[in-house]
Amino acid sequence: MSSAQPGAAREIDLERVKPYADHLGDGIVQMSFTLPVPYGLAARKAAQELAVKMGLEHPEVVHYQRLTDGYTYVVMFGACTHTVDYSSLSTEGFDIEYMSEDQIEAFAREHIGRPIVVVGAATGTDTHSVGIDAMLNLKGFHGHHGLEGYKAFQTHNLGSQVPNSVLVSRAIELNADAILVSQTVTQQNLHIANLTELVEIVEAEGTRKQLILTCGGPRVSNELAKELGYDAGFSKGTYPHHVASFIVRELAARLAAE
């Protein structure tokens, strides 16, 4: 059992944060992986040497087993020697205070006062609409309504395999406030080329200032999205109210600045 209680007062150096298991600052991490080698002591030793090369101290294999001929599954612990400067990250806009559905509705009524038009699609060669459906459709995801279930939003889900040009054209036709692009499954970094193309089309149409551009998917991060010219990116663990919170706040800020 961990000796560090979550609610206990601790002197934590936020400029040098590292994982802990039993004692604050011990750096202990657990990891598991499969090696394409036969089960045996050599496989165990290979796992330990890999952990050392990863920068872990005192690595210990606590479990390893044969998966099938020529493959060994490994579970191990080790002490991470590296730290991160959390204090610098917490000032870069990562800590967004998400609103509940009711709070979003109230905020939109007070600050926007009209339906917010959102157009979304899985674009390019992406055939998977599960991500865009979870964000936009009424049923939503894991008990959270999609934007279609909000009075504040007027949503248009174009589905999957939609060309970027079609998505942008439809957004302009509908006088949309925001575009939501989903990239669920891609290979060879095609999602980067596809997301970049959409931004280029929007800029060529002269509508970049009018449109809030958001994108999401397992391989999308907020940092990557902004590098590619989007206003925000959403990855794993995103719920519809996360996207809705960002859009209503961003739109309200733009309207206030006009």
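Against the list (1) over 30 Å from L50 (Cβ atoms); (2) open to solvent by 40 Å² or more (accessible area, probe 1.4 Å); (3) modelled with pLDDT of 95 or more; (4) not acidic (D, E), the condition V119 fails is (2).
Of the residues making up the stretch 21-51, those that are more than 29 Å from the chain's Cα centre (by Cα) and farther than 30 Å from E11 by Cβ number 14.
Here's the yes/no breakdown for (1) modelled with pLDDT under 95; (2) of a type in the set (A, V, I, L, M):
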| site | (1), (2) |
| --- | --- |
| N157 | no, no |
| Q161 | yes, no |
| V166 | no, yes |
| S169 | no, no |
| D177 | no, no |
| L180 | no, yes |
| Q188 | yes, no |
| I192 | yes, yes |
| E200 | no, no |
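Residues of the stretch 33-55 that are free of Cβ contacts under 8 Å to residues at least 40 places away in the same chain, of a type in the set (A, V, I, L, M, F, W, C) and either touching a helix residue (DSSP H, G or I) at 6+ places or on another chain (Cβ under 9 Å) or open to solvent by 30 Å² or more (accessible area, probe 1.4 Å) (or both): L35, V37, L41, A42, A46, L50, V52, M54. Of the residues making up the stretch 10-28, those that are under 11 Å from T81 (Cβ atoms) and not in a loop (DSSP other than H, G, I, E, B) number 0.
Only one of the numbered conditions (1) touching a helix residue (DSSP H, G or I) at 6+ places or on another chain (Cβ under 8 Å); (2) modelled with pLDDT under 95; (3) closer than 26 Å to G113 by Cα is violated by F153, and that is (2). Cβ separations smaller than 7 Å between residues 6+ apart or across chains give the following pairs from the stretch 72-90 residues that are more than 23 Å from E15 (Cβ to Cβ) and open to solvent by 30 Å² or more (accessible area, probe 1.4 Å) to residues that are modelled with pLDDT of 90 or more and of a type in the set (D, E, K, R): F77/E60.
Residue check: is E250 acidic (D, E) and over 15 Å from the mean Cα position of the chain (by Cα)? Answer is yes for this residue. Going through (1) farther than 26 Å from H191 by Cα; (2) in contact with a strand residue (DSSP E or B) (Cβ under 7 Å, 6 or more places away or on another chain); (3) not in a strand (DSSP E or B) one by one, Q154 falls short only on (3).
Between G131, G140, G146, the distinction of being buried (at least 16 other Cβ atoms within 10 Å of the Cβ) and within 16 Å of the chain's Cα centre (by Cα) belongs to G131 only.
Suppose we keep only residues that are among the hydrophobic types (A, V, I, L, M, F, W, C) and in a loop (DSSP other than H, G, I, E, B) within the stretch 95-111. Which one would you say is least open to solvent (accessible area, probe 1.4 Å)?
This residue is M99.
The C-beta contact set for the stretch 112-123 (first residue touching a residue at least 12 places away in the same chain (Cβ under 8 Å) and part of a strand (DSSP E or B), second residue among the charged types (D, E, K, R) and crowded, with 24+ Cβ neighbours inside 10 Å, distance under 8 angstrom, 6+ apart or interchain) comprises I116/D177; V117/D177; V118/D177.
The values are calculated or read from the model by the stated rules, or taken from the named source; none is laboratory data. All values reported here derive from a predicted model rather than from experimental measurement. No Cβ is skipped: glycine too gets one built from the backbone with ideal geometry, and neighbour counts run over all protein chains shown. Keep in mind that these areas ignore ligands, DNA and RNA; they rest on the heavy atoms of the full protein, side chains included. Shrake-Rupley method; radii C 1.70, N 1.55, O 1.52, S 1.80 Å.
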